[in-house]
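Notes for the one structure printed next.
The values are calculated or read from the model by the stated rules, or taken from the named source; none is laboratory data. Note that the structure is a prediction, hence the values are computed from the model and not measured. Surface accessibility is based on the protein's heavy atoms, side chains included, excluding ligands, DNA and RNA. Shrake-Rupley method; radii C 1.70, N 1.55, O 1.52, S 1.80 Å.
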Amino acid sequence: MTEYQEQAIRAIEAQQEKVKERSPQWMVGEQLKDICRMEPRSAELIAQDLQVEAMGIVEAEKKIRAFADAHKTGNFSCVTPVEADRILREFYGLPIAGETAREAAPAQAGDNVLRLEDFF
């Protein structure tokens, strides 16, 4: 795990200590920790954003709740994991899921590779 991943997870856990365990805000923290563990570049952005009070897990949860409220069916509202992921990525300015993995992946055999011998 990178330094930024560890830093982001510590910051998330510090904010989670201020809310009730398993509350919507706490669960936002869990989802952010999952992103941090899988995406070092996103962890760096999250670590920086969490230093700003307006970018905390409580504020992020408000964005998800607003989406749920806008998509109510009667007294029921729901946000799918994919929708919550999209909302969090927009809120924190993170790349689309999987984008960072493709960027970091090494070239595979058969990829567009320039070989000097092709020019001889």
Open item on the list: Taking the full set of protein chains and a 1.4 angstrom probe, give the accessible area of Met55 in square angstrom, rounded to the nearest 10.
Closed with: 40
Open item on the list: Just to make sure I understand: if all protein chains stay in place, what is the order of Glu59, Glu17, Glu39 by accessible area at 1.4 Å, largest first?
Closed with: Glu17, Glu59, Glu39
Open item on the list: For the pairs Lys20/Lys63; Lys33/Lys72; Lys20/Lys72, flag any whose C-alpha to C-alpha distance is greater than 21 Å.
Closed with: Lys33/Lys72; Lys20/Lys72
Open item on the list: Could you put Arg86, Arg10 in order of accessible surface area, largest first, with the 1.4 Å probe and the full protein assembly present?
Closed with: Arg10, Arg86
TODO: Compute, for Arg37, the solvent-accessible surface of its heavy atoms (probe 1.4 Å) with the complete set of protein chains present, and express it in square angstrom to the nearest 10.
DONE: 110
- [ ] On the full set of protein chains, 1.4 Å probe, figure out the accessible area of Val52 and give it in Å² to the nearest 10.
- [x] 80
